[in-house]
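Everything on this sheet refers to the single structure shown next.
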């Protein structure tokens, strides 16, 4: 991970722990999807994988790489849709729910981007 990601992660942890101790209650404000630290970490992870060289990736990996930015852009839509139907990580044991929901969101996002890439006007944005 690059230096931006390390700094963002360190600040996120430090601020969260400090505010939680000061207020005597858990404070997760800096860990939300809209947090600048979460955005910085997402950019850092994306930057790390962007230059990763693989000798001959499979068609599936090439397609996922081609759709990765679009998947990132639409995944929150699917998370919110699942939440509306009370399907969250709190629905059942986290050991099972986190990977299951992650796979569902990834699959739905991937399919969405795959379809959006077929629409000429939208193709250049995803």
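All of the numbers you see were taken from the coordinates with simple rules; none came from a lab. As the structure is a prediction and not an experimental result, all values here were calculated from the model. As a convention, Cβ positions derive from the backbone with ideal geometry for all residues, glycine included, and neighbour counts pool all protein chains shown.
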Hey, what angle do you get for helix 94-116 against the long axis of the chain, alpha-carbon based, 0 to 90 degrees rounded to 10?
40 degrees
Mind sorting 56, 28 by how few other Cβ atoms lie within 10 Å of their own Cβ, fewest first?
56, 28
Can you compute the label reach from residue 122? Point 7 Å from Cα along the Cβ direction, backbone N cut-off under 20 Å, restricted to segment 38-65.
63-65
Taking the Cβ-Cβ separation of residue 11 and residue 47 as r and a Förster radius of 25 Å, what is the calculated FRET efficiency to the nearest 0.05?
0.90
Helix 59-84 sits at what angle to the longest principal axis of the chain, using alpha carbons and giving 0 to 90 degrees rounded to 10?
50 degrees
Rounded to the nearest 500, the 222 nm mean residue ellipticity computed for the chain from DSSP H runs (n ≥ 4, each -39500 (n - 2.57)) alone is -24000 deg cm²/dmol
Cα gyration tensor shape for segment 1-52, rounded if a/c is under 1.5, else prolate or oblate:
prolate
Label residue 114 and residue 4 with points 7 Å out from Cα along Cα→Cβ: what is the distance between them in nm?
3.1 nm
Give the Rg/Rh ratio for segment 56-126, taking Rg as the radius of gyration of the Cα atoms and Rh as the Kirkwood radius, to two decimals.
1.05
The chain: Cα Rg divided by the 2.2 N^0.38 Å rule of thumb
1.25
